[in-house]
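One structure below.
The numbers here are math on the coordinates, done by the rules we state, and not lab data. It should be emphasised that the depicted structure is a prediction, and the values quoted were computed from it without experimental measurement. All Cβ positions, even for glycine, are placed from backbone atoms using ideal geometry, and neighbour counts span all protein chains on display.
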Amino acid sequence: NVELKNITKEILDWVSEQAQGTLSGAIDASRIAAVGHSLGGKISLLTASEDARIDAVFGIDPVDTGPPFAYDPKEYPSVTPELMGQVQVPLLLLGETTNASGGVGGQACAPGDNNFQQYYKGATSPAMEVEVLGANHMSFLDNPNCLACFACGKGTDKPATTRLVLRRLTVAFLTKQLLDDNAYDTWLTGADLQSMVTDGLIQVASKNGF
């Protein structure tokens, strides 16, 4: 995890350099968000805990665990709750609870004690929590039926609908946080968000002035 975090920071270095050179005018290095699914969500938050260049984080079913074998905690540090006080940017933490337990060999894909809800609980910056009801850990992928995906218990959702919810919230959140544009706020705090709640697609919570 530390290696992946360091690679992410190197990518940010490259982006900043290109914004001043070859890609000047095409990149705005002052507006950067980190978005990731599962381990990618954890690395996004881990990087944001020590790199102020990240302005917002969207975690898609982020999981705060190491590998399923003995590992050095220095190389796989826990982010929540330990480092959440260092993440001082707006957060949208979206996930599911279908895979909070069980899984192949008893290894849950998104363990309840290390899932998106735990990141939200530890958040000290403006944060929104969205549970996609009935989804599983792989529902958010373009191909939720990939071979490795069968390791996660199947959800009761329609993955196409789950991905639609994800796209709506991604566009609304990043438009607001990176472009200072409130055009899609209705999907974050207004009638359109409430319609998804009423339709039984999601449950939501927010805190710290989100």
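Label 7 Å along Cα→Cβ of Gln88; the range 111-154 residues with amide nitrogen under 14 Å?
Only 124-126 fall inside the zone, counting backbone N under 14 Å.
Could you tell me what percent of the DSSP beta bridges with both partners in the chain are antiparallel, to the nearest 5?
Values: 6 of 21 bridges.
For the chain, the DSSP antiparallel bridge percentage is about 30.
Mind jotting down a quarter of the surface of the convex hull over the alpha carbons of the range 76-210, in square nanometres, one decimal?
In nm², the orientation-averaged hull projection of the range 76-210 is 8.7.
Where the centroid of each part is defined by its Cα atoms, how far is the range 105-170 from the range 35-92 in Å?
16
Summing -39500 (n - 2.57) over the DSSP H runs of n ≥ 4 in the chain and dividing by its residue number, what mean residue ellipticity at 222 nm do you reach, to the nearest 500 deg cm²/dmol?
On the way: 5 runs with 64 residues, N = 210.
Result for the chain, helices only: -9500 deg cm²/dmol.
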